[in-house]
Each structure stands twice: as structure tokens, then as C-alpha cells.
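Remarks on the structure that follows.
The values are calculated or read from the model by the stated rules, or taken from the named source; none is laboratory data. Note that this is a predicted model, so its numbers are computed, not measured. Backbone-built Cβ (ideal geometry, glycine too); neighbour counts: all protein chains shown. Side chains included, ligands, DNA and RNA excluded: accessible areas come from the protein's heavy atoms. Shrake-Rupley method; radii C 1.70, N 1.55, O 1.52, S 1.80 Å.
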Amino acid sequence: MVKDNLGMFPILSSVFSDAQNIISIIASVIDIFAIVVIAVTIFTSILPLIKSTVALFLPFIIQSSSDRQTAQENCALRRRVLKANLIKGLLLALELESANAILKMGIFTSGLVGISPISSTSTFSINNFIFFVGIFSLRIALNQTIRRSK
Amino acid sequence: MVIKQALLAVAEGSQSLNGQSLEFWIRPYVGYLTFGIDIAAGIIIAISAAAALFAFFKILRKSPKEQTQDKETIRLRLARGLLLALDFEVGSDILKTILVPSVNELSILAVVVGIRIVLSWSLSKEINRHNIDLLESGKQPITGRNRAIFTDVMKNRHKEEEESSHDRSS
């Protein structure tokens, strides 16, 4: 009946189709943003982290003795800062994924009530629902853990 | 004309218009409304995400310690955008309940709305905590207009701490 109703309004049907395409494109772009954030964060955090680890465990690589001592003194502090930086970057990426999940949830509910031209069986699957619940639970749990560990 | 007919039908308490159900007439208009709200939410999320990415690239030249603080601020600014978009989406979901054909689908929609509300609550709590942290460290909170509220929160907190310490000493 739902599809019949939309069939009576071909303009509406095409408008919904376009809207869903736009939202899907936005969701894909946000996915790319999240990937870029993860990549840049790992690249900017892992290399200095490896460098400081090398300075801590393999001190003979650093030639000057004064440099070696300074490096070892600052190493623990730097490692902590770099780890915090890495975690914050990954949390930012998770926030972007939450944004993505919110957008996809809009498409999901449209499919559920039948105002979407896409068949409701394709948009309404239990996998989508598990994805939303998983992302949000992960987000809330991670934030609570980080907050308590401060 | 159609809206007039629909309103007349509602006023008369009838369930049909010229043999068609009321839902048939309302459906496209509710559809347009929810479509507009969904698009608005999508635009808000897209702008917030783009602003967050831009700000993320901007802080890359800073030291790792400054980056850590700024990343938290960027994340919570993005969270504010998500909060606004979530409010739009909840409004859209409430409108969609008009169209749900069965109790089963209505219950699923209710669960989705529940998830959205829990997420909104979590986000707003996080932003408040971060603002309090910023105020404690003498920085400007993210929501400038709520500064007075956070100052009150801080005052209340100090008052409670003083009272508890007074109780302990007595």
C-alpha cells in the first residue's frame, strides 16, 4: 500500500530517491574524513612514538651523551603525551563515524515507515541496527572509560 | 484544496475522503516534511564534519600537547553539531510515527528514538563536563552563551565541597 501511495506521486518518489542519494554521498564523504583523520593521527603519532621508544630502549643509537640523557629523561613524558594525542585523534574519528551512523539511521527509519522508495527489506536489516547500537555503545563506553582514567 | 478536504474530514471525525483513507492524503505532506528535516540534519552534520576536518588540519603544526587539547575541543564542537542534528532527527521520527502501519514497526521506531535520546543525553553531558573542565583551567568554554550556567554549576560545586569539608571538620 505504501509503495502504491508513492506510485501515485512520482515526483515525491524521485525526490526521495535523490535525497537518499545525497545523504548516502554525505555519509561516504564523512567516512573518507574519518579515514583521513585516522591516517594522519597514526602517521603523526606513531613515528615520534617509535623514535622515543628507540631512545628509551636503545640509548647507544644517540651519539652524544648529553643528548642521550635528555632524551631518556623526556622520553616517558613524551610517550604519555603522544599516546594521549593518538587516543584523542582516534576518538575524533569515532565521532565522525557516529555522525555517519546518525545519517544512516535517518535512511533506516525512512525505509522502516515506508516513505523511502527503496524497498524496506533492503534498508531494514538487523545488521544495520546492530551497527548503530554497536557504534553508539562503543562511543559512550570509550568516553566513560577515558573520563574515569583521567 | 486537498488540505482543506483533509481538515474538514478530521473535523467531521471521518476516516476517509472520497473513499480514500486519511493516511493516503496526509502521507505525501508528512513525507515532504520529514524529507526536509532529514536533509537539514544531513547538511548540519556535513558542515560540522567539514569544519572539524578543517580545524584538525589547522592544528597539525602545533606541539603534541596542544594538539591533544585542541582535538578534544574539535571533537566536542562536532558533538554539538551532532546534537543539533539528532534533535532534528528525533523530530522527524516523531512525524514518521503518523505513517507507521503496525505495532511491530512502531516499537522499532520507538527503540530508534530511544537510542537517539540516549546519545543526545550522553553528548550534552560530555559537552557540559568539558566546559566545566575548561572553566576550571581558566579557559573560555565552547558554548559562550552558557557561561553563566557553568559559572553557577561551579559555584554550586564549590559550595558543596565547602559544606562537606565543614561537616567533616565538625
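Give the long-range amide H neighbours of B:Ile98: residues separated by 5 or more places, or on another chain, with amide H under 5 Å away, using H modelled in the peptide plane at 1.01 Å from N.
Amide H to amide H, under 5 Å and 5 or more residues apart or across chains, B:Ile98 pairs with nothing.
May I ask you to derive the FRET efficiency for B:Ala50 and B:Ala110 from their Cβ-Cβ distance with R0 = 30 Å, giving the value to the nearest 0.05?
Computed FRET efficiency for B:Ala50 and B:Ala110 comes out at 0.40.
Would you rank B:Val90, A:Val54 by solvent-accessible area, highest first, keeping every protein chain in place and using a 1.4 Å probe?
Final ranking, largest accessible area leading: A:Val54, B:Val90.
Given R₀ = 30 Å, what would the calculated FRET efficiency be for B:Glu163 paired with B:Lys65, taking r from the Cβ atoms and rounding to 0.05?
0.25
Compute, for A:Ile46, the solvent-accessible surface of its heavy atoms (probe 1.4 Å) with the complete set of protein chains present, and express it in square angstrom to the nearest 10.
For A:Ile46, the solvent-accessible surface is approximately 60 Å².
If you rank A:Lys88, A:Lys83, B:Lys159 by how much accessible surface each has, with a 1.4 Å probe, what is the order from largest down?
The ordering from most to least exposed comes out as B:Lys159, A:Lys83, A:Lys88.
Sorting B:Thr68, A:Thr41, A:Thr145 by accessible area (1.4 Å probe), largest first, what list results?
A:Thr145, B:Thr68, A:Thr41
Please work out the FRET efficiency for the pair A:Asn21 and A:Ala76, using the Cβ-Cβ distance as r and a Förster radius of 56 Å; give the result to the nearest 0.05.
0.65
Give me the accessible area buried between chains A and B, both sides summed, with a 1.4 Å probe, in Å² rounded to the nearest 100. Each step should come with its number before you reach the end.
Values: alone 10240 and 11980 Å², together 17540 Å².
Chains A and B together bury roughly 4700 Å² of accessible area.
What are the ³J(HN,Hα) values, in whole Hz, obtained from phi via the Karplus relation 6.51 cos²θ - 1.76 cosθ + 1.60 with θ = phi - 60°, for each residue of segment B:27-35 in sequence order, with x given for Gly and Pro?
3, x, 6, 5, x, 4, 4, 5, 4
With the crude spin-label approximation of a point 7 Å out along Cα→Cβ, what separation in nm comes out for B:Leu135 versus B:Tyr32?
Simple spin-label model gives 4.5 nm for this pair.
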